[in-house]
1. Scanning segment 50-80 for residues that are polar (S, T, N, Q) and loosely packed, with under 12 Cβ neighbours inside 10 Å, which turns out farthest from Lys27 (Cα to Cα)?
2. Confirm whether Val115 is modelled with pLDDT of 95 or more, among the β-branched types (Val, Ile, Thr) and touching a Ser or Thr at 6+ places or on another chain (Cβ under 9 Å).
3. From the list Lys20, Lys62, exactly one residue is closer than 30 Å to His122 by Cα, not assigned by TED's automatic domain parsing to the domain that holds Leu127 and not in a loop (DSSP other than H, G, I, E, B). Which is it?
4. For segment 81-103, which positions are surrounded by 15 or more Cβ atoms within 10 Å (Cβ to Cβ), assigned to a helix (DSSP H, G or I) and more than 11 Å from the chain's Cα centre (by Cα)?
5. Right, Ser138: modelled with pLDDT under 95, of a type in the set (Gly, Ala, Ser) and farther than 23 Å from Pro98 by Cα or not?
6. For segment 131-151, indicate whether the set of residues that are within 26 Å of the chain's Cα centre (by Cα) and free of Cβ contacts under 8 Å to residues at least 60 places away in the same chain is non-empty.
Amino acid sequence: MLSGISASAHCDSYDGPVIKDAFRALKADKVELVYKWIDPEQEEQIASLFKETYKLKNGDQKIYAIVEKQFLETLVRLHRETEGEPYTGLKPVGSLTPLIALGDESIAGNDVDGVVKYVNTHIDKLLRVRHAKVVELSKTKDDSVEQGRAYVKAYVLYTHTLEKLEQIINEEIAHSEVNSHEQH
């Protein structure tokens, strides 16, 4: 679960928030709905592409589909740039991870309880399993080199999990402190 914390791309999914906003913008002819996903210096590029895409909306649907996809790809690529992450292509509906899908549902329903329960349950299980393995292997870690290496592998996995959790907690604490200072 915490094997590698990085900015996984859910904004590049057709059921993610960037593309949903792009479709809303095209439906309403309101490019400003997608500006929140990009930096101000990227707005001109998106506005121009949006205008060309919107003009073709009621024309040949094969051509429109190509231009619409180009608009979506450009918007998502620029958004990923603002995150400092690479663009890896658009992902199909249903490609969101369960936790991200649950997170989006929690925002739509204004109820975080399901997310908290999911995270707590999975982290609790993960920590208990990794801790139990380290404790069990610690009993025989000095009996042979192989058993010692098995212990070290389990120990490293357990402590790296804790380090990643601590990193998340400390980043949130630092972020909260910055925000509280900015408000004063």
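The values are calculated or read from the model by the stated rules, or taken from the named source; none is laboratory data. Predicted model only: the values in this text are computed from it and were never measured. Counting neighbours? That spans all protein chains shown, and the Cβs are built from the backbone with ideal geometry, glycine included.
1. Taking the candidates together, the pick is Gln61.
2. no
3. Lys20
4. Hit for segment 81-103 is Leu102, nothing else.
5. So Ser138 fails the test.
6. No, there is no match, as no residue in segment 131-151 is within 26 Å of the chain's Cα centre (by Cα) and free of Cβ contacts under 8 Å to residues at least 60 places away in the same chain.
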